[in-house]
1. How high is the relative contact order of the range 379-533? Use alpha-carbon pairs under 8 Å, at least six apart in sequence, and give a whole percent.
2. Using +1 on the beta carbon of Lys and Arg, -1 on that of Asp and Glu, and nothing else charged, what's the dipole of the range 487-606 about the Cα centre, debye to 20?
3. Any chance you could run the full-extension gain for R531 through S177? It's 0.36 nm times the residue separation minus the Cα-Cα distance, nm to one decimal.
4. Taking only protein heavy atoms into account and a 1.4 Å probe, give the accessible area per residue of the range 396-489 in Å².
5. Cα to Cα, under 13 Å, and not fewer than 8 places away if on the same chain: which aspartates and glutamates meet these conditions relative to K571?
6. Grab the other residues whose beta carbon is less than 11 angstrom from that of G220, score K and R as +1, D and E as -1, and report the net.
7. For the range 130-174, what does the alpha-carbon gyration tensor say about shape, rounded, prolate or oblate, given a ≥ b ≥ c as the root eigenvalues, a/c under 1.5 as rounded, and a/b over b/c as prolate?
8. Based on the Cα atoms of the range 588-678, what semi-axes does the equivalent ellipsoid have, where each is the square root of 5 times one gyration tensor eigenvalue, given in whole Å with the largest first?
Amino acid sequence: MVTNPRKSRKAYLVDDLSATHATVGSDTMAVSPKNIVQPAKKQSNGTNGRNGDLRYRTLFDLVPVAVYSTDAQGVIQEFNRRAVELWGRTPDPKGEKFCGSFKMFHSDGTPMPHHECPVARVLKGEELTASDCEVVVAQADGTRKNVIVGPRVLKNDRGEIVGAINCFYDISDRKQSEEALEQSEQRLRTLADAVPQLIWTNEGGGKADYFNQRWYEYSGLSFEESVGRGWQAIVHPSDAPTSVARWKRALAAGKVFESEYRLRAKKGEYRWFIGRNVPVHDAAGRVTSWFGTATDVHDLKRAEQELRASEERFRLLVEGARDYAMFLLDPANVITFWNAGAERVFGWTQKEAIGQSGAIIFTPEDRKKGEVEREISSALTDGRALDRRFHVRKDRSRFWADGVLMRLDDEGGTLRGFAKVARDATDHRRIEDELAHARDEMEQRVVERTRELVAMKRELESTMGQRQQLERELLEVSEREKRRIGEDLHDMVCQELTATALFLKSTATRIAAENLAAAKTLEESAQTVNRNVGIARELARGLQAVELTASGLKNALRGLAASACDNSGIKCHVKVARGVHVPDDTVALHLYRIAQEAVTNAVKHSGAKNVLITLDRNKTHTCVSVQDDGKGFAVKKRGKGLGLHMMRYRANALGGELKIERRRTGGMDITCVIPTKR
């Protein structure tokens, strides 16, 4: 290795190669055939030739980039030491072409074909772009290097391409630094996008040129809408003049900018932020950029405002509550605060009270019994202690106080002291005593009145029992009377009417030969009598006693429906829920009579075409319902009818209720509801 070359020649060669590296495409060098490096020929030119060749080889090896030359076909002619280091091997001396092209790759890492290597393209007369000149070269051991190539063609006097010189500038370290810088910037951008603050950067002159994701989410602006003005684009008009003036002063002085302002969100509302811009200086102290952040303090500011308002309200409350004594004590029970109410209630001024023991308001007896210590102990244990006792004023007079002692802790739970609130409750105590006396008298009167009410209740229960007994007897009498009337109708009236009909028919037969008209009249009269016999029998059948048991109610209702269908021509149906049963025979009889009366009314008066009898129950009640689709009636007008009256009477006798309602679709709904257990 040749050392200590002349600096001027080396510098010239480096500058020339650097220029070659930076110039691509159509740049050429006009040379004659003898300009192409041919060491063997130069060595024959004597001493001057040998010295020039030596200097040339020395400079050729000392340049800081890899250089090699080729002929017009790309066969390598010469190469320097840097080229050998870059390739990791010495080229084949037997005419290897485009050294390293078989292990050359595009900048994206894809293999580069032999004919696409930069030297081959330049020798073909192509022009290269900057991206074409950045390639990857694989060394002999497989290590890859990022390089920038700068091929330049050599032409003779006739302009013919006779060869090329190619420079390889190793940028692997720079590439790694760029990748590291890009990763660092990516991490910084990721961090900037993750934080809740609005973040931006400014150029040295103050123009905003970057914003994090939070900025776009909050402002709703695009980069084009944000760039330049930055935070000033969404600052509140009322806050803009002051904030912008501060920013201009900080920009001119190169100092930190900080200001509070309101920024507009994308929905139009404004929130308070603390904005801060920090200058970034270079080694010479010049401001090269600014790093800005805006931290949302809207909730904090509102909390501070509420705290100030709360403190003001507290001050007004404490100082304005002159009827309440409020004072603070330290953990040693020494007074540290004494409000105007305490001055009025206890008589000591604030100056006199502060620094005194909290025991000064207790009576001598209570201090002797240890009430002061007991109250503090209760507050320490339970957090508060009620204070209802006699206290003393400065003038030694006594009064009944009603108050509370509360424990005060800091955020860590350490005792800070106590707060006491008390008021003069002497009048209240007197009123309480009077109320207690009046309460005792009232309780005595209540006891006496209760005795009277108990006696009245027993008498009323007896009366109700008698009434229920009387109602049952009346219903039994009614049933017996119906039975008697039915029997009389069947045994007497029906038989008499039947005999009359027979007599009329026989008489008509006897006189038919003598007086045909009279015989016809008697025959018609006999038919009329027979029809009345049928009516009387139906009446008798309805009044006859019903031998009904609890288990036979279902069949009785079905028989009632069948009879209504046969006698009137209407459609009468029965619907009985599964598992329905009534408690006893009396209940079954009354439910049957209620249904019978409701069906009879529907058949005779409503003009109904359909009647539905329903027997149902739940856990607490049993009910019988009769619904029809007739014209219905006004309950108030018919409310005093004997039939409805008897139905209500029977329902009441069973301890139930009779409901009469008009149906929405027309007709009436009569329902008797009785309790399962009477």
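1. Values: 124 pairs, mean separation 17.6, N = 155.
Once normalised by length, the contact order is 11 percent.
2. Working: 13 positive and 13 negative charges, 126 e Å.
In debye, rounded to 20, the range 487-606 gives about 600.
3. Details: separation 354, 0.36 × 354 = 127.44 nm, distance 12.63 nm.
Computed gain between R531 and S177 is 114.8 nm.
4. Working: 6950 Å² over 94 residues.
On a per-residue basis, 74 Å².
5. D628, D629
6. Working: positive: R264, K266, K267; negative: E217, E225.
Taking every Cβ under 11 Å from that of G220, the sum is +1.
7. Details: a/c = 3.89, a/b = 2.40, b/c = 1.62.
Prolate shape, in that a/c is at least 1.5 and a/b is the bigger ratio.
8. Numbers: eigenvalues 92, 41, 25 Å².
Rounded to whole Å, the semi-axes are 21, 14, 11.
The values are calculated or read from the model by the stated rules, or taken from the named source; none is laboratory data. Source: prediction; values computed, not measured. Note that each Cβ is placed from the backbone with ideal geometry, even for glycine, and that neighbours are counted across all protein chains shown. Each accessible area value is taken on the protein alone, full model and side chains, heavy atoms only, with ligands, DNA and RNA left out. Shrake-Rupley method; radii C 1.70, N 1.55, O 1.52, S 1.80 Å.
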